[in-house]
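> Sharing a structure, written as structure tokens. Questions coming.
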2 protein chains.
Amino acid sequence: MPGRELEFWFDFASTYSYVSARRIDSIAAPSGIRVRWMPFLLGPVFASQGWDTSPFNVYPVKGRYMWRDIERLCARHAIEFKRPEMFPQFALLATRVATAAAAEPWLQSFCMWMFHAEYVRGMDITGPEAVTNTLERLGLDAEGWISRAQSTEIKQALKDRVAQAQERGIFGAPTFITADGEMFWGDDRLEQAIEWQLKRR
Amino acid sequence: MPGRELEFWFDFASTYSYVSARRIDSIAAPSGIRVRWMPFLLGPVFASQGWDTSPFNVYPVKGRYMWRDIERLCARHAIEFKRPEMFPQFALLATRVATAAAAEPWLQSFCMWMFHAEYVRGMDITGPEAVTNTLERLGLDAEGWISRAQSTEIKQALKDRVAQAQERGIFGAPTFITADGEMFWGDDRLEQAIEWQLKRR
């Protein structure tokens, strides 16, 4: 039932998206809420606000706090975390593969393993190696999916999704949109988004 | 015991500071945690980030979301809220009175009534009328306190506090600082700050 789905908009670069990716299933599943994973790119959204990188780099004081906050948050939720050397990671290929996999049963697993490589192993996931490794780990045709991810159709599908994010007023990640169109921004609004969805179904 | 105090840094202009002001007692008091109310001004902090007004005005998409979020949050916590016509309100006089009242038993009441005027009655609290009304409501010598608030000593004390905020890496409000110096930003971190303080005392 698509009408009951909670949309989970995320960017692989986003640290708080990683935390939500790790938490969302354990909160949504017991309530019978299905989550639709919506990978997108914050870059164009930030660019329209005049930023050429993450706001955590634009405002270093805020950035220092974010790393500390993420560390505490992960400890609190017993989530593994290792700060990668590179931040933010513009994971275009991974996002395109996730876009191509929109209807595949392995979409969530793929996203989880990419986040794992980035924020547990502290790896660079912007290149094709990490994407290939993850696809192969899932027993998939890595070459075939990477090729499909770079087709005109999928490139356009991702552009359309980013445009849709901006039209809907999304300005950061993670963002949760309930079945009745209510928007919640930030990992700290995940529980509230779930409650909203439950009350209105 | 000053060492057990939780510092609550807030700006009268800040909507999320209002929410925390309404919540903090009911969360801190049962744990025996004393809260030190630390009024300051975000203006100079924002100016150092290149903003001449609230980030919610600098980034209108984020601002629209904030008003919706505050409305939902207040409904959730059963907190009255009315959006004032003017935002943000640069409540310099009120902040100076609160600075002058740092050691007074009525500091918290004064702050609560100022927030009430602004975010429950939707009034303009930047002028002397609102401050005078609140001081009189508390049975205080309004003229005397307003005069003291505008003394060189208090003006300097507020400047010092803002400088201290910046030195400690405060970049928004509300901000909570535990007795062992751990910083938590945002109303959604209030419970976490209380837990931190409890564990380490």
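> How many residues does region B:158-201 contain that are surrounded by fewer than 16 Cβ atoms within 10 Å (Cβ to Cβ), under 28 Å from B:L135 (Cα atoms) and either in contact (Cβ under 8 Å) with a residue 24 or more places away in the chain or of a type outside the set (G, A, S) (or both)?
Total satisfying the criteria: 3.
> Hey, does region A:130-146 have a residue that's within 14 Å of another protein chain (Cβ to nearest Cβ) and either among the β-branched types (V, I, T) or surrounded by fewer than 16 Cβ atoms within 10 Å (Cβ to Cβ) (or both)?
No, the conditions are met nowhere in region A:130-146.
> Only one of (1) at the interface with another protein chain (Cβ under 10 Å from one of its Cβ atoms); (2) assigned to a helix (DSSP H, G or I); (3) not polar (S, T, N, Q) is not met by A:A98, so which one is it?
(1)
> Output the number of the condition that B:G122 fails; it satisfies all remaining conditions of (1) closer than 19 Å to B:F12 by Cα; (2) away from chain A (no Cβ under 14 Å); (3) touching a helix residue (DSSP H, G or I) at 6+ places or on another chain (Cβ under 7 Å).
(3)
> Let me spell it out: the conditions are (1) touching a strand residue (DSSP E or B) at 6+ places or on another chain (Cβ under 9 Å); (2) free of Cβ contacts under 8 Å to residues at least 24 places away in the same chain, and B:A117 meets all of them except one. Which number is the exception?
So the condition that B:A117 fails would be (1).
> Got at least one residue in region B:154-169 being over 18 Å from B:L42 (Cβ atoms) and of a type outside the set (V, I, T)?
There is at least one residue in region B:154-169 that is over 18 Å from B:L42 (Cβ atoms) and of a type outside the set (V, I, T).
> Could you say whether any residue in region A:169-187 is over 14 Å from A:E7 (Cα atoms) and β-branched (V, I, T)?
no
> Tell me the residue from A:G127, A:G144, A:G139 that is small (G, A, S) and in contact (Cβ under 8 Å) with a residue 24 or more places away in the chain, please.
Only one candidate qualifies: A:G127.
> Quick one: in region A:42-79, which of the residues that are over 18 Å from B:Q192 (Cα atoms), assigned to a loop (DSSP other than H, G, I, E, B) and in contact (Cβ under 8 Å) with a residue 12 or more places away in the chain is nearest to the other protein chains (Cβ to nearest Cβ)?
Taking the candidates together, the pick is A:Q49.
> OK, next. Would you point out which residue out of A:M38, A:M66 is closer than 21 Å to A:E182 by Cβ and of a type outside the set (V, I, T)? Write out each step before concluding.
Numbers: A:M66 fails: closer than 21 Å to A:E182 by Cβ.
Every option except A:M38 fails the conditions.
> I've got another one for you. With (1) under 21 Å from B:P174 (Cα atoms); (2) at pLDDT below 95; (3) not aliphatic (A, V, I, L, M) as the list, and B:E85 as the residue in question, which single condition is left unmet?
For B:E85, the failing item is (1).
> What tally of residues in region B:160-201 results from selecting those that are hydrophobic (A, V, I, L, M, F, W, C), over 17 Å from B:I24 (Cα atoms) and more than 13 Å from every other protein chain (Cβ to nearest Cβ)?
Matching residues across region B:160-201 total 2.
> Looking only at region A:21-41, count how many residues are surrounded by fewer than 23 Cβ atoms within 10 Å (Cβ to Cβ), assigned to a helix (DSSP H, G or I) and in contact with a strand residue (DSSP E or B) (Cβ under 8 Å, 6 or more places away or on another chain).
Counting residues in region A:21-41 that are surrounded by fewer than 23 Cβ atoms within 10 Å (Cβ to Cβ), assigned to a helix (DSSP H, G or I) and in contact with a strand residue (DSSP E or B) (Cβ under 8 Å, 6 or more places away or on another chain) gives 2.
The values are calculated or read from the model by the stated rules, or taken from the named source; none is laboratory data. Please read these numbers as outputs of a predicted model, since none were measured by experiment. A quick note on method: Cβ atoms are made from the backbone with ideal geometry, for glycine too, and the neighbour counts reach across all protein chains shown.
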